[in-house]
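As structure tokens, the structure follows; a few thoughts come after it.
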Amino acid sequence: MAAIRETVEISRRPEEVFAYLDDLARHGEWQEQIVAVRVETEGPTRVGSRATDTRAMGGREQHVTYEVTKHDPPRSFAFRGLNGPIRPVGEGSVEPLDDGSRSRVTIELDFEGHGVGKLLLPLVRAQARKQVPKDQQRLKERLESGGA
């Protein structure tokens, strides 16, 4: 079971929500800590696609490269971090609501610690528990305002 599981309902069709989530270059628009994204693979997002996020965390910038491990548009996706002492592992799903006119987005997230990262896992999980709901609210606001 994931350490963090958050759900938000969005007044947009599942296909539209998934398309926005699927655009790796736009993750910084709704994830507050991301200051830059570099998509590493060309073409549409698929299993094996990679991107590197630059995140402002704890007063410094950290680069996290992640890979898409599951890609089932417009319903679900998964990813895993490939580098660093703390690596995210997550899944997301987009469920239709109200005959497909609205969506429920669920994000499940945990972290793997490597080396010294094992000691930092409790702190990272605590921070993520605070941040993920904020990011989901930003996602909702962005999509419902027509900004995506």
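Each value in this text was obtained by applying a stated rule to the coordinates, not by laboratory testing. In this text the structure is predicted, and so the values were computed from the model without any measurement. A quick note on method: Cβ atoms are made from the backbone with ideal geometry, for glycine too, and the neighbour counts reach across all protein chains shown.
Work out from phi, with θ = phi - 60° and the Karplus expression 6.51 cos²θ - 1.76 cosθ + 1.60, the ³J(HN,Hα) of each residue of segment 109-114, listed in order in whole Hz, and give x for Gly and Pro.
With coefficients 6.51, -1.76 and 1.60, one gets 9, 8, 9, 10, x, 10 Hz.
At q = 0.11, 0.16, 0.18, 0.22 Å⁻¹, what log₁₀ I(q)/I(0) does a Debye calculation on the Cα points of the chain give, no solvent, two decimals?
Each listed q corresponds, in turn, to -0.40, -0.86, -1.11, -1.64.
Quick one: Debye curve from the alpha-carbon atoms of segment 1-50 only, equal weights, vacuum; give me log10 I(q)/I(0) at q = 0.14, 0.25, 0.30 Å⁻¹ to two decimals.
The computed values of log10 I(q)/I(0) come out as -0.48, -1.13, -1.14.
Need the list of aspartates and glutamates near K134 for cross-linking: C-alpha distance under 14 angstrom, and skip anything on the same chain fewer than eight residues off.
E6, E9, E29, E32
For the peptides 2-9, 49-56, what is the packing order when you average, over each peptide's residues, the other Cβ atoms within 10 Å and list the highest mean first?
Final packing ranking: 49-56, 2-9.
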